[in-house]
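**Q** Quick one: the structure is below, questions incoming.
The values are calculated or read from the model by the stated rules, or taken from the named source; none is laboratory data. All of these numbers come straight from a predicted model, not from anything done at the bench. All Cβ positions, glycine included, derive from the backbone under ideal geometry; neighbour counts span all protein chains shown. Please note that ligands, DNA and RNA were not included when accessible areas were found on the heavy atoms of the full protein model with its side chains. Shrake-Rupley method; radii C 1.70, N 1.55, O 1.52, S 1.80 Å.
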There are 2 protein chains.
Amino acid sequence: MSTETVATAPAVFSAKQSVSHPLAPLNASEITAASGLIKASWPAHTDLQFKAVTLEEPPKSEVLPYLEAEHSGKPLPRVSRKAFVNYYIRNTNKFHEAVVDLASGRVLRNVLLGPNFHAGGDGEEIMKVEQIALEDEGVKAEIAKLKLPEGTVIISDPWIYGSDGVNDDARMYQCFLYIRDPLNSAEADSNHYALPIPISPVITTEDMSVVRIDILPTGVDNTIKELEPYQIKPPNEYLPEHQKLRTDLKPLNVVQPEGASFNVTQEGTSSVLTWQKWQFRVGFNQREGMVLYDVRYDNRTLFYRLSLSDMNIPYADPRHPYHKKSAFDLGDVGAGIMANNLKLGCDCLGSIYYLDAVLSDDKGGVTPMENVVCIHEQDAGIGWKHTNYRTGRAAVVRSRELVLQSIITVANYEYILAFQFNQAGECNYEVRATGILSTQPIDEGVEVPFGTVVHPGVLATHHQHIFSLRVDPMLDGYLNRVTYDEALPMPRSDFNPHGTGYYVQETVIDQSGGFDLDYDKNRIFKIQNPAVRNPINGKPVAYKIMAPPFQKMLADKDSFNHKRAEFADHNIYVVKHHDDELFAGGKYTNQSRGGHGVRAWADRKESVKDEDVVVFVQFGINHVPRIEDFPVMPCEILKIHMKPVNFFDKNPALDVPPSEQSFNKSTLVSQAHQQSGAEATVGAKGEVCCSSKL
Amino acid sequence: MSTETVATAPAVFSAKQSVSHPLAPLNASEITAASGLIKASWPAHTDLQFKAVTLEEPPKSEVLPYLEAEHSGKPLPRVSRKAFVNYYIRNTNKFHEAVVDLASGRVLRNVLLGPNFHAGGDGEEIMKVEQIALEDEGVKAEIAKLKLPEGTVIISDPWIYGSDGVNDDARMYQCFLYIRDPLNSAEADSNHYALPIPISPVITTEDMSVVRIDILPTGVDNTIKELEPYQIKPPNEYLPEHQKLRTDLKPLNVVQPEGASFNVTQEGTSSVLTWQKWQFRVGFNQREGMVLYDVRYDNRTLFYRLSLSDMNIPYADPRHPYHKKSAFDLGDVGAGIMANNLKLGCDCLGSIYYLDAVLSDDKGGVTPMENVVCIHEQDAGIGWKHTNYRTGRAAVVRSRELVLQSIITVANYEYILAFQFNQAGECNYEVRATGILSTQPIDEGVEVPFGTVVHPGVLATHHQHIFSLRVDPMLDGYLNRVTYDEALPMPRSDFNPHGTGYYVQETVIDQSGGFDLDYDKNRIFKIQNPAVRNPINGKPVAYKIMAPPFQKMLADKDSFNHKRAEFADHNIYVVKHHDDELFAGGKYTNQSRGGHGVRAWADRKESVKDEDVVVFVQFGINHVPRIEDFPVMPCEILKIHMKPVNFFDKNPALDVPPSEQSFNKSTLVSQAHQQSGAEATVGAKGEVCCSSKL
C-alpha cells in the first residue's frame, strides 16, 4: 500500500456535531459529509466510484469506558466519530481506503491500495456489467451460433471472477448466460436458471469491456465443443401462478392481543432492544448487515459485538472457468446492501417491528434501506416441564424467543439470517439457505460426480457454504479465555472396577490458533471468565458454543480457494482482539490471495488466556444438490447455540410464568371438525390445565 | 427358555370378532380377553402380575398385502389378530411370555423365560417398592442416624437395579432417598432432588423385601463414611409459587380461524391422519408409545413403521452402587405407560386434537390413557424464498409442520417426543430432554470430574442419553437398500489443475452391520430404492437421514453397560427385517446381559442390499450438567431429519400458496407502542406484500 496525501477538507463538509452513540452506524448526513471530504481531497470533477462509506468503529479501548459510563449513568466520555471510505477513481483500478474524522472534517488516512486488493461489486456496477456482456458484438456472434428462437431474452448473471493466479491481477467479472423461457419471453420473473447457455463473457472493470469469451464445457470432461443450435427445453418456474397450488392449507395466525413484549428505543441510526432481561444495541452496515453490540442479560455483560463475519462458497467443478467459482458473499458484495425490504405478513408472523438503515451508494450519496431487519417474538415450544408422578402435578413453561431477522439476496441465492434469544439465557444464530441453485448447461444423458442434474440440460454443481460467525465476548468483563471440555473414559481401576466411569477434562487455550471439534470426545468449546466464579459451585462463569458439524474446505491446501478462505479449515478460531480485524477472510476478499484474515491473525500466536479474545465460529453445509432443491430450494437450516454454563445460579427460565390456557388460548379440535370420524372417542378433554398423570 | 403348556381357553374369553385394522392397538375388550385367556391357563386363584398385554403385530408378509388391498379398494385379506402378554406369577420371579389368538381364543405360546430375563417396572410395583423401602426397620434405623428435623418427609425413588454381574441374578430395585424441604414438609411437590441423603435400600421383587442397605459415597473417592447428623440445606423449588415470576411477557396466541388443516379418522384404537399429501396410521403401545405405520406421501409409500425403539442413559460415576445406573427408559418401563395426559393450552399452541389410548394394568385390566398424543400444526418460519433482484419481485412461502407430540415422565426426567412432517416431503423426529437431574449427595467443598455441583450438597452426575429411532422403510416398495455418500477431494490432474475439485462417491451397504458418520467426509446415509428412478435425472429414489453428532457409549467394551446397550456404539445399524425385532436393546432390557438386540441381529451378516431392510438411527447427548439445568432443565433439543433425495421431480413445496398478509394477518408494531421511542423513523411500512428489492 502506498500512502497518498492526507487532506483536510473545508469545514462545510463536516457533519453536524454528532450526538450519536459511538457504535451507531453513520447517518445520512455523515455519509454525504464523509464522501464529500474525500471528493474534496481530489481535483474538481474527479469521478469517484464509492464502494463503502461506513462507520469506522472507534477503538474498543475508547468504547468500553463509554459503555461503562452509559450503563452507570455517569458523564459520557467523548469518542471521536470517524467514517471509513473505500473508493475507486472511476474507470480505473485505483482502489483507495480512507478514514475521515467527522467532527473536524479531517481526512486522517487516504491510501491507494496495492495490487490484488479489490473492492467487491456494487449494484450499479453489476447492472452495467450485465448490460456490457449482452451488448458486446463478440458475445452476440457467439449467441447467434445457438440459433435461438426469435425474441429469446438472454439474461446475464455477473459472477465475482475468483482467483487462480492465471492472468487475474486485473479486476474482472465472469458472466454466466441464461435465457428466459422462449415460449414466455415477456415473463420478467421467468426462472432463467432452468435454461443456461454455454457462453461466458469476461469483463474487466477498468474500462468495462469484454476481454474474453469462454465457451463452457458441457460434457463429462473439459472438452469444449463447437456451439450448436440450441434444443428447446422445458421451463421450470417457481412463481405461484405457474403452479397448481394446494388448496387445503388453512390460515395460522399469530396474535398478540397486548402487543409485543419487546421494547425498541431508536437512537438515531441504532436501536436499543430490551426483552426478557436481554438488552443490546443493533447496528447495520453495508458489509455485515445486522450487528449486535453490548449484549447484556440482567445487566451482566455477555458480548461486546456479534456479527456474521463472512461466508465462502467454493464450487466442486474443477473445469475452467468454473474452478474459480468461490464467492465471499459478505466480502465480495455485502450482507447489508443485499438485504431484502421485508414485508409485513410475508417474512414473519405476529407483531413485527421493522428497522430501517441508511447505506452509501456508488456516488457517495445515501441509499435508504427500509425494513432490513424485522423483530418479532416466536413461540419455541415447551421451555421446560416436570410432572411429579406421585401427585400428578405438572409444571410447564413455554419458551418464547426474540428474533432479529434479515434476508439477503445474492443473485440466485437467499440467506435468512437471524439472531435468536430466549429466556434461558441462550443466544442463537440461525441461517436458512434458500433461493435458486447456481446452474450450468450439461449435455443430455451426461452424469458427473461433481454435480446433480436438476432439470433437463441443467447441472447444479456441488458446493460448500462455509460461514464464520464473529463472537467478541465480554462475559462479566472483557478479559476472557476459551477452553474446551472433553468427556473421556476412565481406565479400569479399583475406583472404576466395572469400566463404566467417565470424566470431563478441561483444556485452556493459551495461544491464538484454529481448533476443531471432536465428537468422539464430546469436545465443547466454552468462553470463560475465571475471575468470576459461580456462587454455588465455584466454577468460572462461562458460555458454551454449540455449532453443528460441517465438512471443512475440500480444495487442497495449495489451492487459491484454501488460501483465501482463511476461516474454512477449522471449527473455531481464537485470536486476540485487535481493532479493525472484523472479517475472517480479510478486509478485501474479491480476487484475494489470502494472508490477511483470521488464519494470519492466529499465526501471530498471541496469548489469548484471560485476554481480550475474539472467537470465530465456523459452520456450514456441503450442498450436494437434490432435484428437490430446484427450481427453488426448501430452506436448509443451520444453527449455532451459545448457552450459559455455570453463569447463573440456577435455570434462568425458572421465573417464566407457567404455560396456562388462560394465557395461551388454544382450541380443542373435536371429532365434529373431522370430515369422516368413524368412531368418536369419549372423554373429558382439555378442561383442567397443567396437571398430569404418569 | 422352557416351554410350558399351550392351553386353549373357554370361548367366553374370546374377543368379539374384530374388525380392527391389523396394526390397530388392542382395544379394551381385547386386552381383558387376552389376560383372561392367560389367567384361564393357570389353576384358579393363581395371582398373576401382568407386565404387558399388547398387540402382537402380524407378520409383515401378511400386512403388506392387506395395505395394498386397503389402498386400492380391493377386498381385504383376513389377518389374524393376536395379543402378546408378559406376566409374572405374582411374588415370584417366574416371568412369562405368551401369545394368544384373539379370534379363536387359543393360547399359541406361553413360556417361562429363563434366567436374566426380567420385566420392567410397572406403576403399582414401583409405588409398592417406594413404600417398602421407607417402612423397613433397617432403613429407618439408618435414617435415624441423620437426626433429621421432626416431621421431615423422606421420599424414595426406586431405580432399575442395573447389571454388574455381582449377585444380581435376582430382580431388584435400588432406591435413592431424598427429603422434602424440612421447613415446608407439607408441600407434596417440593423438589426433593435438591435434598438427597446417602442411604440406598435395595429391594428384591421376589418377596418385596429389603435385601441390602447401601450407604453412599459422598466424597471424592469411594470411601463410605459413617452416617452423621444431617446439616440443613436450602431448598431449590421449581414450582411457580416459589418464584418471583416475570411480569412482562405478553400473550402470544396461535389462532386458526378456519380450524386445523389436518384430518383424523379414528378407526377403533388407531387413527389415520391426512395432512398436506401425507397419510399415515397412528398406533400407541405400552413400550414405544406413539408408533406410525404405513407412512405415505402423495400416495407413494415411504415407511412401513416408525418408532422410538429404545434409549439408554448410562451414568459416569463409577462408584458402587452408582456404577449400575444405566436405564433403558423404554425397555425398563415403557414410553407408552409413562405418557403424560396432555392439557389444552399447556403443552401445545393452536388448534389441538388429542389421541387417547388404552393400555393394560398389572391385573390384566385396562388402563385408559387420555390425551397421550397431541396433534397440531405449527409455523416453521420461511419455507423457501427467492427475490428476483432485477424486478424486485419476491416469491416466498412459509413452512407449515404437522406435529404429533407425546411427553413422558420417567421419575425425575421428562422427554418430549415428536414426529414432525412438512410440505417439502420431510419427516423429522424431535426429542426435547427436560425435567430434573438425577442427583446424589456430595460433601461440602468437594469437586469431582464426573459430575457438577448444582446446589449445595447436590451432585448431578454426567450421563449419556443415547436414543435409537427405528426406521422400517418402504420407499416406493419394501425392497430398499442403504447407501452412503461421501464428498472427497479430487487429486490434482489435468482435469483438476487448481486443486479445487471435489466429487461425491456412493457406497452401497451389502451386509447388515453398524456404521458411523464421518463429518470430514460429509458422509450421509440414504435409504434408496434403485428399482425406481427419478424421471429427470435417472437417480434412484431416496431419503437421506440427517442425525446430529453424538458421543458413543463411553463405558468400555467389556462393561455390562456396553454389552447391554447394543445400539449405543454406532450412528446407524442396518439389518434385515425380521418380525418381532423391534427393540434395539433387546426385548427385555431390565438387568439384561446383552446379546439379544440390534448388535446381535447385525452380526448375522445378512444381505441388506435390495432387501426388506430396517435402519436404527442413534442420536443423543452427553449431558454434562450445568447449574442452569437445575432445579429443572431447559429443554435440550435433538432432531433427526429424513429428507427426500431425488425422490420427487422438483421441490415438493413448490405448490404451497404464497405467504401473504391477507392470509397471515400479522401486525405492525409502531413507535407508538414503544415506551421510550426517542426518534421515530418515517417511512411507509408493510403496505405492499411480498415484493422486495435487492
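**Q** Dipole of the protein assembly as shown, Cα-centred, from +1 at each Lys and Arg C-beta and -1 at each Asp and Glu C-beta, to the nearest 20 debye?
**A** Values: 136 positive and 176 negative charges, 107 e Å.
The dipole of the protein assembly as shown has a size of about 520 debye.
**Q** Next up: If contacts are Cα pairs under 8 angstrom and at least 6 residues apart, what is the relative contact order of chain B in percent?
**A** Values: 1632 pairs, mean separation 88.0, N = 694.
Relative contact order, chain B: 13 percent.
**Q** Mind listing the label-point distances from A:ALA600 to the same position on all other copies, shortest first, one decimal in nm, points 7 Å along Cα→Cβ?
**A** From this label point to the equivalent ones elsewhere in the assembly: 6.2 nm.
**Q** Collect residues whose amide H, placed 1.01 Å from N in the peptide plane, falls under 5 Å from the amide H of A:ALA568; neighbours closer than 5 in sequence don't count.
**A** none
**Q** Sort B:MET172, B:MET208 from largest to smallest accessible area, using a 1.4 Å probe on the heavy atoms of the protein chains.
**A** Working: B:MET172 15, B:MET208 35 Å².
In descending accessible area the options line up as B:MET208, B:MET172.
**Q** For labels at B:VAL532 and B:ASP580 in the simple 7 Å Cα→Cβ model, what's the distance in nm?
**A** If labels sit at B:VAL532 and B:ASP580, their model points lie 3.1 nm apart.
**Q** Where nothing but the Cβ of Lys and Arg (+1) and of Asp and Glu (-1) is charged, how large is the charge dipole of segment B:517-581 around its Cα centre, in debye to the nearest 20? Display every interim value, and only then the final one.
**A** Working: 11 positive and 9 negative charges, 91 e Å.
With only Lys, Arg, Asp and Glu charged at Cβ, the dipole is about 440 debye.
**Q** Oh, and also: Using the structure shown, list the pairs from B:LYS94/B:LYS363; B:LYS576/B:LYS609; A:LYS51/A:LYS587; A:LYS128/A:LYS343; A:LYS526/A:LYS609 with a Cα-Cα distance above 18 Å, or answer none. Let's see the in-between values first.
**A** On the way: B:LYS94/B:LYS363 16 Å; B:LYS576/B:LYS609 9 Å; A:LYS51/A:LYS587 13 Å; A:LYS128/A:LYS343 28 Å; A:LYS526/A:LYS609 13 Å.
Cα-Cα > 18 Å for A:LYS128/A:LYS343; rest within.
**Q** For segment B:546-574, state which residues have at least 30 Å² less accessible area in the presence of all protein chains than in their chain by itself, taking the probe as 1.4 Å and leaving out ligands, DNA and RNA.
**A** Buried-area filter returns B:PRO549, B:GLN551, B:LEU554, B:ASP556.
**Q** Here is a follow-up. Quote the FRET efficiency, to the nearest 0.05, computed for B:VAL111 versus B:ASN91 with a Förster distance R0 of 22 Å and r equal to the Cβ-Cβ distance.
**A** 0.65
**Q** Sticking with this one: Give me the percent of the accessible area of chain B that comes from carbon and sulfur atoms, probe 1.4 Å, all protein chains in place. Write out the running numbers ahead of the final one.
**A** Details: 11870 of 22820 Å².
The value for chain B is 52 percent carbon and sulfur by accessible area.
**Q** Using the Karplus equation 6.51 cos²θ - 1.76 cosθ + 1.60 (θ = phi - 60°), what ³J(HN,Hα) coupling, rounded to whole Hz, does each residue of segment A:334-351 give in order, writing x for Gly and Pro?
**A** Once θ is set to phi - 60°, the couplings for segment A:334-351 become x, 6, x, 5, 8, 5, 5, 7, 6, 10, 4, x, 10, 9, 8, 10, x, 8 Hz.
**Q** Relative contact order for segment B:462-548: what is it in percent, counting Cα pairs under 8 Å that are at least 6 residues apart? Each step should come with its number before you reach the end.
**A** Numbers: 119 pairs, mean separation 26.0, N = 87.
Relative contact order of segment B:462-548: 30 percent.
**Q** Answer rounded, prolate or oblate for segment A:204-344, using the Cα gyration tensor with square roots of eigenvalues a ≥ b ≥ c: rounded when a/c is under 1.5, else prolate when a/b is larger than b/c, else oblate. Spell out each step's value before the answer.
**A** Numbers: a/c = 3.10, a/b = 1.66, b/c = 1.87.
In terms of gyration-tensor shape, oblate.
**Q** I'd like the distance separating the alpha-carbon centroids of segment A:497-516 and segment B:634-671, in whole Å.
**A** When both Cα centres are located, 39 Å separates them.
**Q** At what distance in nm do the modelled label points of B:ASN167 and A:MET208 sit from each other, each positioned 7 Å from its Cα along Cα→Cβ?
**A** 9.2
**Q** Check which residues have an amide H placed less than 5 Å from B:GLY477's amide H, if you skip close sequence neighbours.
**A** Long-range HN contacts for B:GLY477: B:THR301.
**Q** Where the centroid of each part is defined by its Cα atoms, how far is segment B:206-226 from segment A:356-430 in Å?
**A** 49
**Q** When the Cα centres of segment B:105-160 and segment B:55-98 are compared, how far apart do they sit, in Å?
**A** If you average the Cα positions of each part, the centres end up 32 Å apart.
**Q** Let me ask you something else. Just to make sure I understand: if all protein chains stay in place, what is the order of A:ARG393, B:ARG78 by accessible area at 1.4 Å, largest first?
**A** So the residues, ranked largest to smallest area, are B:ARG78, A:ARG393.
**Q** Next up: Among B:PRO75, B:GLY445, B:VAL333, whose Cα lies farthest out toward the positive end of the dipole of chain B, if unit charges sit on the beta carbon of Lys, Arg (+1) and Asp, Glu (-1)?
**A** Among B:PRO75, B:GLY445, B:VAL333, the one farthest towards the positive end of the dipole of chain B is B:PRO75.
**Q** Averaged across the residues of B:267-273, what count of C-beta atoms belonging to other chains lies within 10 Å of each residue's C-beta?
**A** Details: counts 3, 3, 2, 0, 5, 2, 0.
Rounded to a whole number, the mean comes out at 2.
**Q** Let me ask you something else. Please state the shape class of segment B:177-272: rounded when a/c is under 1.5, otherwise prolate if a/b exceeds b/c and oblate if not, all from the C-alpha gyration tensor.
**A** Details: a/c = 3.54, a/b = 1.65, b/c = 2.14.
In terms of gyration-tensor shape, oblate.
**Q** Please compute the Kirkwood hydrodynamic radius over the protein assembly as shown, one decimal place, Å, based on all pairs of different Cα atoms. Write out the running numbers ahead of the final one.
**A** Values: mean 1/r = 0.0299 Å⁻¹.
Hydrodynamic radius (Kirkwood, Cα pairs) of the protein assembly as shown is 33.4 Å.
**Q** How much area per residue is accessible in the protein assembly as shown when the probe is 1.4 Å and only protein heavy atoms are counted (Å²)? Don't jump to the answer; show the numbers that get you there.
**A** Details: 45610 Å² over 1388 residues.
Value for the protein assembly as shown: 33 Å² per residue.
**Q** Please say if chain B is rounded, prolate or oblate, where rounded means a/c under 1.5 for a ≥ b ≥ c the square roots of the C-alpha gyration tensor eigenvalues, and otherwise the choice is prolate for a/b larger than b/c and oblate otherwise?
**A** Oblate, because a/c is 1.5 or more while a/b does not exceed b/c.
**Q** For peptide B:391-403, compute the average count of partner chain beta-carbon atoms within 10 Å of each residue's beta-carbon.
**A** 5
**Q** What Kirkwood Rh does segment B:284-370 have if only Cα atoms enter the pairwise 1/r average? Answer in Å.
**A** On the way: mean 1/r = 0.0630 Å⁻¹.
Kirkwood radius, segment B:284-370: 15.9 Å.
**Q** Just to be sure I understand: if you take the accessible area of chain B alone plus chain A alone and subtract the pair, with a 1.4 Å probe, what total do you get in Å², rounded to 100?
**A** Details: alone 31850 and 31790 Å², together 45610 Å².
Adding both sides of the contact gives about 18000 Å².
**Q** Here is a follow-up. Relative to the other copies, what are the label-point distances for A:LYS140, with labels 7 Å from Cα along the C-beta vector, expressed in nm at one decimal and sorted shortest first?
**A** The answer, with the shortest distance listed first, is 10.6 nm.
**Q** Report the FRET efficiency, 1/(1 + (r/R0)^6), for B:VAL446 and B:ARG604, where r is their Cβ-Cβ distance and R0 is 51 Å, rounded to 0.05.
**A** On the way: r = 48 Å, r/R0 = 0.94.
Working from the Cβ atoms, E equals 0.60.
**Q** Using a 1.4 Å probe on the heavy atoms of the protein chains only, list every residue of segment B:299-328 that has 30 Å² or more less accessible area in the complete assembly than in its chain alone.
**A** At a threshold of 30 Å² (probe 1.4 Å), the residues of segment B:299-328 that become less exposed are B:ALA316, B:PRO318, B:HIS323.
**Q** When only Cα pairs under 8 Å and 6 or more residues apart are kept, what is the percent relative contact order across segment A:134-282?
**A** Details: 200 pairs, mean separation 25.2, N = 149.
Relative CO of segment A:134-282 lands at 17 percent.
**Q** Please give the calculated 222 nm ellipticity per residue for chain B, where each DSSP H segment of at least 4 residues contributes -39500 (n - 2.57) and the sum is spread over every residue; nearest 500 deg cm²/dmol? Please list the in-between numbers first.
**A** Working: 7 runs with 61 residues, N = 694.
After summing the helix terms and dividing by residue count, I get -2500 deg cm²/dmol.
**Q** Accessible surface of B:CYS635 in the full protein assembly, 1.4 angstrom probe, to the nearest 10 Å²?
**A** Approximately 20 Å² of B:CYS635 is accessible to the 1.4 Å probe.
**Q** In addition: Let's test the formula: R0 of 25 Å, r as the Cβ-Cβ distance of A:ASP494 and B:ALA144. What FRET efficiency results, to the nearest 0.05?
**A** Values: r = 32 Å, r/R0 = 1.26.
Step by step, r from the Cβ atoms, then E = 0.20.
**Q** Another one. So, in nm, how far is label B:SER670 from label A:ASP569 when the simple model puts each one 7 Å beyond its Cα toward the Cβ?
**A** Computed distance between label sites B:SER670 and A:ASP569 equals 5.6 nm.
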